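The next block holds one structure in the form of structure tokens; read it before the comments.
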Amino acid sequence: MQPFEFVEPRTIDEAVALLSAQPESEVRIIAGASDLLSEIKEGVIAPRRLVSLGGIPELRGIQATAEGLRLGAMTTITEIAQHPAIVSRYASLAQAAQGLATWQIRNVGTLGGNLAQRPRCWYYRHPLAVCLKKGGDRCYALAGVSKHLCVTGGDRCYIVHPSDTAVALSVFDAQVEIAGPSGSRSVALGDFFAGPGRDLTRENILEPGELVTGVVVVQIPPGPLYQRGEANNTPLPQRHALSTAERGGGGISEVRSLYLKARERETGDFALVSVALALELEGGIVRQARCALGGVAPVPYRAHEVEEYLQDKRVSGADAVHAGSLALSHPRPMAGNGYKVPLARNLVKRAVAELLR
Amino acid sequence: MTTSYQTIGQPVSRAEGPDKVTGAALYTADLNLPGLLAGKCLRSPYPHARIKSIDASAARRLPGVRAVLTGQDIPENLVGRMLRDFPMLAKDVVRFVGQKVAAVAADDLDIAQHALNLIEVDYEELPAVFDPVEALEAYAPVLHPNFMKYAGRADDPQEHPNAMARATWGIGNVAEGFAQADYIFEHTFRTPHQHQGYIEPHAVIAQVDGQGRLQMWVNCKTPFLLRRQLSEGIGLPQDRIRINPINIGGDFGGKGSFMDSHVAYWLSKATGRPVRMVMNYIEELMAANPRHPAVMTFKTGVKRDGTITARHARLIFDSGAYGAFRPQKGITYGIGAIGPYRMEHSQIDSYLVYTNKVPCGNMRAPGAPQSTFASECQIDLIARELGMDPYQFRLHNLVRDGEESPLGHHWRNFMGKPTLDAAVREAGYQAPKMTPPDLAADGGDWKVGRGIAVCERHVGAGSSTAKISVDGQGQVTLYTPLQDTGAGFYTMLRQVVSEELGVPYNEVSLVPWSTDDARFDSGVGGSRVTHVGGQAVYGAARAVRAKLAALAADLYGWPESQVVFKESMVAAAGHQAVSLGALAARSGGLVEGDFTYDSERDEDLTCFTAQVAEVAVDRETGQVKVLNFTTAQDVGTVLNPQAHQGQIDGGVMQGLGYALLEELKHEDGRISTLTFGEYKMPTIADIPPLRTVLVQSQSGGPSPYGGKAIGEQPISAVAPAIANAVLDAVGASVTQLPITAERVLQALRSQPA
């Protein structure tokens, strides 16, 4: 392992300054370090300086705000998995956090780190393979083992985004807060991730010197909205919506969401395919549906056709099998990952059946 | 077994446990010697290449680098555990990705690593072969043109230059047996590399001491054999080499190889300082000694009533680039491949083949999980074709006590039927199959199935020595050349002492020996220790006991045969008891006894295992969940039920990983799964409820108090039991391990509609 300097700024501005002071290849943010240190030890990256975010208090914790919930970038996965408001209102996020990696990693791994996690592609991680993502001249997966790679959205590079929380957050209106040398900005979660078509060496739109400071998810109603195997038809006192967009009609709504993850072992494993689904229901009718898939694309994949199909459906009239069949509109599986297509369709089917039960 | 024991048979916890969980126990990487250097090797990125030149000048100039060695700098001696085909550092040719081509000793690991990056190696790639079946084709590149000159090679002539060993076992004439059959079935099965997955990677410290002796600390479980292998490679006589005792952080068969030991010596010699080499896990997964992959074709003839008339197994074990990590001269893998079934005609043709891949070595029950998977899966495929229940089909063909085995052995007190029946009963094999409510509710198309598999395996044999001393304070000390691999035998051996000398087991002090302190020891492995180590300690304890009894007879006039040892006292009926220490003190010093035990394997004794897996398979996604697992083991006296169960639990879990998850994935000779994120071992969350039935054999085994063996017995039948359960659940035959969801889906799709 190449020696590195460890610095611990006290403010976001200091962190940005430290990140900007060196060429991008020589500096990395260190948060929980659960993945970063493996990348260094395994020779995938060789930074000279690590900028720790551990000493910046405002990056930590979960606060209720007027817009919804603000989750600091340094919030641990365990904190998310156990936070009462997340467990009760943002079930898909809580479930994604609960099923992420292992206890030990959840205790140190952070939301920011998970959203910005580098891919687990075998070739990206291989010490002998200098692939396109590492600045090399080819993708080894094309002639190699594509079992874990994408079935849609590949473009010279065929990674899948490894983050569970990214998929789970995709079904809520979430904004990613970013600080950088030219100030702060905020982008919609869906715009934060970027496929290989934009830049082969990145998975998001962060510019050199920028860091994620937090995520804000839109307010959705309190109370136990969805719990597995338990119908909840209790009318809610006020109107809430999946998105902040104003819609006509008024009335009473509830939001249900869940996260399903297919993996090879029960813990310490990334998703082969995962599904986050959120439904806003009003009077037995789906007012809005959000569906996102993990493990299928280089970014969290929004299954818009599933959403459109469920829109305005009566709960009793929705066909889960049909919804599932819409999961991936034009999949282009590789030689060894065709199994992901039926897997994704089945998971969506199950998610729809479960949420509409 | 009605004999009653004091300590034997008690589930006592590990005497050595507290030191391990508190970190007090030392392992090789924990040791620090004055002037210790860090050693690291440069490894080949090519599966087969000629080394045209190596330029290490920049590395040598790097500050903090104390030595850089290439194949030019050390003798060309080939080394190996038996077959000596392995260059300590490659000089002219590399034959696998990960082969060592240069070594650096530096002030710290970072400098060593940096120095490796500065070494320029010019390679010329050569044609390579990766598939063991292809390696036997006429057109395949010959990987070891000088094979016939290698020391320690098998005696049989090579059928192909890439076949390093072959063996044939069997009885009768299979052609005749197939002629008697109504149906003949032929299937081919494949199994992958499995890594042992021990916590501690290979580690060694070498120091050439002031007398020019090599002092070594190394996590090798066969130090006496390693001493010889070192001697052959480095040219020092064996008595100039001392392997010091050290804890070993897990073995599972993989810690018997020399790995970096020779190179560490050369670095120490070159620098005049001690050198420590610890492999990281990338190196472990790339270049240690995993379980051999195999391609296995089974041809079986049966009559309409299900009687097996003949079986022919052709087993091709992929050795990788070298055979140096196997301790046997000829091939022994696959000897139990035919299964414990009655037949008049059997033939096993087993090959070990060179390919341009990682050299394989031993792992828990070497050879058996591969061939048991093939054999036992085919049994179910045949039973289904015949319309017979797989249990009935097995019962119909299973060797009964008193009958000849399919290789012509006469197993004593063969426990096949009672053990199989016990597994079937305990597992509820014949009960209705119910999808568990949580699965039924999740929207999948889950089907439940049950599968059986059986296997048998010998009790290990070999040689060990032990010494026991009792001092004037009553302190009992056990000396053993066996190094602790973590299997629990340091407790079991203390229990033997405790039983014989009547002292609490956890007050017995245990001192591991170096290779200077005993003549020879076979080391740990091969289901050997309870038998061989146990008998050595038992013999030493009996010797001490006899001396103490004679002393008591002499001093107090007690009848020697009536002296008893209990609660740290020595007594005889009608006399005032004395403490063990007081009696020993009267000897004028230590009372010592030692014993050397030598044994050959008893081919007429075996341990039978029968297992039943219950799985749910989702027809929509191919996902397999193991709901329940039952194992029935044929046992003798169980010396420590807790340690015994630990071996069963661990064996089943390792078998479960082999069945469902683990695979060192190769692509053109490069292993793609180089971390434990990619090479997936099961976690505790993947382990189904395990039921164990111990079926007591009347004959018992050769271990002290009549124990048999358990370390390797539970692993081999796990994968076929699960595969057979998948077959039962959804009709999908998966003939290649691991049984992943996509392979199940593929098998479902290829089913006839």
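Observations on the model:
- Members of segment B:137-167 that are part of a loop (DSSP other than H, G, I, E, B), aliphatic (A, V, I, L, M) and under 22 Å from residue B:312 (Cβ atoms): B:154
- Residues that are at the interface with chain A (Cβ under 7 Å from one of its Cβ atoms) and buried (at least 23 other Cβ atoms within 10 Å of the Cβ), drawn from segment B:674-684: B:674, B:682
A quick yes/no check of all residues on (1) more than 14 Å from every other protein chain (Cβ to nearest Cβ); (2) within 27 Å of residue B:491 (Cβ to Cβ):
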{"site": "B:602", "(1), (2)": "yes, yes"}
{"site": "B:606", "(1), (2)": "yes, yes"}
{"site": "B:609", "(1), (2)": "yes, yes"}
{"site": "B:612", "(1), (2)": "yes, no"}
{"site": "B:617", "(1), (2)": "no, no"}
{"site": "B:641", "(1), (2)": "yes, yes"}
{"site": "B:664", "(1), (2)": "no, no"}
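Quick grid of which residues meet (1) at pLDDT below 95; (2) under 30 Å from residue B:255 (Cα atoms); (3) surrounded by 24 or more Cβ atoms within 10 Å (Cβ to Cβ); (4) among the basic types (Lys, Arg):
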position	(1), (2), (3), (4)
B:455	no, yes, yes, no
B:464	no, yes, yes, no
B:497	no, yes, yes, no
B:512	no, yes, no, no
B:538	no, yes, no, no
B:545	no, no, no, yes
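- If you check B:87, B:127, B:132 for being farther than 17 Å from residue B:37 by Cβ, surrounded by fewer than 16 Cβ atoms within 10 Å (Cβ to Cβ) and at pLDDT 95 or above, only one passes: B:127.
- Sub-6 Å Cβ pairs linking a first residue in segment B:730-753 that is within 12 Å of chain A (Cβ to nearest Cβ) to a second residue that is among the aromatic types (Phe, Trp, Tyr), at least 6 apart or interchain, are B:742/A:339; B:745/A:339, ordered by first then second residue.
- Exclusive hit being acidic (Asp, Glu), touching a Lys or Arg at 6+ places or on another chain (Cβ under 9 Å) and closer than 21 Å to residue B:283 by Cβ, set B:92, B:30, B:85: B:85
- Residue among B:10, B:72 that is without any contact (Cβ under 8 Å) to a residue 24 or more places away in the chain and surrounded by fewer than 22 Cβ atoms within 10 Å (Cβ to Cβ): B:72
- Matching option when the condition is of a type in the set (A, V, I, L, M, F, W, C), away from chain B (no Cβ under 14 Å) and within 19 Å of residue A:299 (Cα to Cα), among A:85, A:81, A:97: A:97
- Flag for residue B:690 being within 14 Å of chain A (Cβ to nearest Cβ), under 23 Å from residue B:372 (Cα atoms) and either out of contact with any Leu (no Cβ under 7 Å at 6 or more places or on another chain) or not β-branched (Val, Ile, Thr) (or both): no
- Selection status of residue B:192, in contact with an Asp or Glu (Cβ under 6 Å, 6 or more places away or on another chain) and within 14 Å of chain A (Cβ to nearest Cβ): yes
- Strands (runs of 3 or more DSSP E) wholly inside segment B:373-488 containing at least 3 residues that are on the phi < 0 side of the Ramachandran plot and under 25 Å from the mean Cα position of the chain (by Cα): B:446-457, B:463-470
- Per the listing B:188, B:222, B:271, the residue uniquely modelled with pLDDT of 95 or more, under 26 Å from residue B:357 (Cα atoms), surrounded by 18 or more Cβ atoms within 10 Å (Cβ to Cβ) and hydroxyl-bearing (Ser, Thr, Tyr) is B:222.
- Hey, residue B:716 more than 10 Å from chain A (Cβ to nearest Cβ), polar (S, T, N, Q) and within 17 Å of residue B:292 (Cα to Cα) or not: yes
To keep it simple, each residue is scored yes or no on (1) at pLDDT 95 or above; (2) within 14 Å of chain B (Cβ to nearest Cβ); (3) under 20 Å from the mean Cα position of the chain (by Cα); (4) not in a strand (DSSP E or B).
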{"position": "A:200", "(1), (2), (3), (4)": "yes, no, yes, yes"}
{"position": "A:223", "(1), (2), (3), (4)": "no, no, no, yes"}
{"position": "A:241", "(1), (2), (3), (4)": "no, no, no, yes"}
{"position": "A:266", "(1), (2), (3), (4)": "no, yes, yes, yes"}
{"position": "A:274", "(1), (2), (3), (4)": "yes, yes, yes, no"}
{"position": "A:277", "(1), (2), (3), (4)": "yes, yes, yes, no"}
{"position": "A:281", "(1), (2), (3), (4)": "no, no, no, no"}
{"position": "A:291", "(1), (2), (3), (4)": "yes, no, yes, no"}
{"position": "A:306", "(1), (2), (3), (4)": "yes, no, yes, yes"}
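- Of A:22, A:2, A:63, all but one fail to be among the polar types (S, T, N, Q) and within 14 Å of chain B (Cβ to nearest Cβ); the exception is A:2.
- Considered as a group, the residues in segment B:30-57 that are under 28 Å from residue B:209 (Cβ atoms) and of a type in the set (D, E, K, R) include one that is surrounded by the most Cβ atoms within 10 Å (Cβ to Cβ), and that residue is B:40.
- Wholly enclosed helices (runs of 4 or more DSSP H) of segment B:202-296 bearing at least 3 residues within 20 Å of the chain's Cα centre (by Cα) and within 14 Å of chain A (Cβ to nearest Cβ): B:281-287
- Residue match in segment B:317-330 (condition: under 23 Å from residue B:155 (Cα atoms), of a type in the set (S, T, N, Q) and not in a helix (DSSP H, G or I)): yes
- So residue A:47, is it surrounded by fewer than 19 Cβ atoms within 10 Å (Cβ to Cβ), in contact (Cβ under 8 Å) with a residue 40 or more places away in the chain and not hydrophobic (A, V, I, L, M, F, W, C): no
- Consider segment A:299-350 and keep the residues that are closer than 28 Å to residue B:440 by Cβ and among the β-branched types (Val, Ile, Thr). The one that is surrounded by the fewest Cβ atoms within 10 Å (Cβ to Cβ) is A:321.
- Among the residues making up segment B:526-570, those that are within 22 Å of the chain's Cα centre (by Cα) and within 18 Å of residue B:640 (Cα to Cα) are B:527, B:528, B:529, B:530, B:531, B:532, B:533, B:534, B:535, B:536.
- Those strands (runs of 3 or more DSSP E) of segment B:565-646 in which 2 or more residues are modelled with pLDDT under 95 and not assigned by TED's automatic domain parsing to the domain that holds residue B:685 are absent.
- Looking only at residues in segment B:399-427 that are small (Gly, Ala, Ser) and in contact (Cβ under 8 Å) with a residue 60 or more places away in the chain, the one that is nearest to residue B:453 (Cα to Cα) is B:423.
- First in segment B:340-365 and among the acidic types (Asp, Glu), second anywhere and part of a loop (DSSP other than H, G, I, E, B) and at pLDDT 95 or above, Cβ under 7 Å, 6 or more apart: B:344/B:172
- In the set (1) away from every other protein chain (no Cβ under 14 Å); (2) part of a loop (DSSP other than H, G, I, E, B); (3) of a type outside the set (Val, Ile, Thr); (4) within 30 Å of residue B:743 (Cβ to Cβ), the condition left unmet by residue A:312 is number (4).
- Pairs where the first residue, in segment B:147-168, is over 17 Å from residue B:320 (Cα atoms) and the second is of a type in the set (Ser, Thr, Tyr), C-beta under 7 Å, 6+ apart: B:167/B:350
The values are calculated or read from the model by the stated rules, or taken from the named source; none is laboratory data. It should be emphasised that the depicted structure is a prediction, and the values quoted were computed from it without experimental measurement. Neighbour counts run over all protein chains shown; Cβ positions are idealised from the backbone, glycine included.
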